[in-house]
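Quick notes on the structure that follows.
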Amino acid sequence: MSTPLVEFVGTLAAIFTTLSFLPQVVKTWSTGSAADFSWLWLIAFAAGLFLWLIYGVAIASLPLIGANALTLSLVLTIAFIKWRQHG
């Protein structure tokens, strides 16, 4: 069973890890280049985020659901920019 303190720690962790990825997306968006990201990393990271999202839904954890849904959308944004670059 989750306590308010555990939920608070999970929420803080979700906020920090998601926000830490935001500068990468902003830089990629502003330069229009995702050349520094490998397709293998993008696919593996997106797959891991998707699985964490499924897990979060399964255990009904709002911090896991929110953080992984948002971070997955950020990673997919970078993947789209990379695809558009080479498409």
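Since every read-out is calculated from the coordinates, none of them should be taken as a lab result. None of these values were measured; they are calculated from a predicted model. Cβ coordinates were reconstructed from backbone atoms using ideal geometry, including for glycine residues, and neighbour counts include every protein chain displayed.
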Over the chain, volume per residue of the alpha carbon convex hull, in Å³: 79
Return the sequence-ordered ³J(HN,Hα) values of the stretch 7-13 in whole Hz as given by the Karplus equation 6.51 cos²θ - 1.76 cosθ + 1.60 applied to θ = phi - 60°, using x for Gly and Pro. 4, 5, 4, x, 5, 4, 4
Helix 62-86 versus the longest principal axis of the chain: what is the Cα-based angle in degrees, 0 to 90, to the nearest 10? 10
Could you run the Karplus curve 6.51 cos²θ - 1.76 cosθ + 1.60 with θ = phi - 60° over the stretch 43-53 and give me ³J(HN,Hα) per residue in whole Hz, x for Gly and Pro? 5, 5, 5, 5, 5, x, 4, 4, 5, 4, 4
What FRET efficiency do you get for Phe8 and Ser30 if R0 is 30 Å and r is their Cβ-Cβ distance, rounded to the nearest 0.05? 0.35
Could you tell me the calculated FRET efficiency between Leu40 and Ser20, based on Cβ-Cβ distance and R0 = 22 angstrom, to the nearest 0.05? 0.55
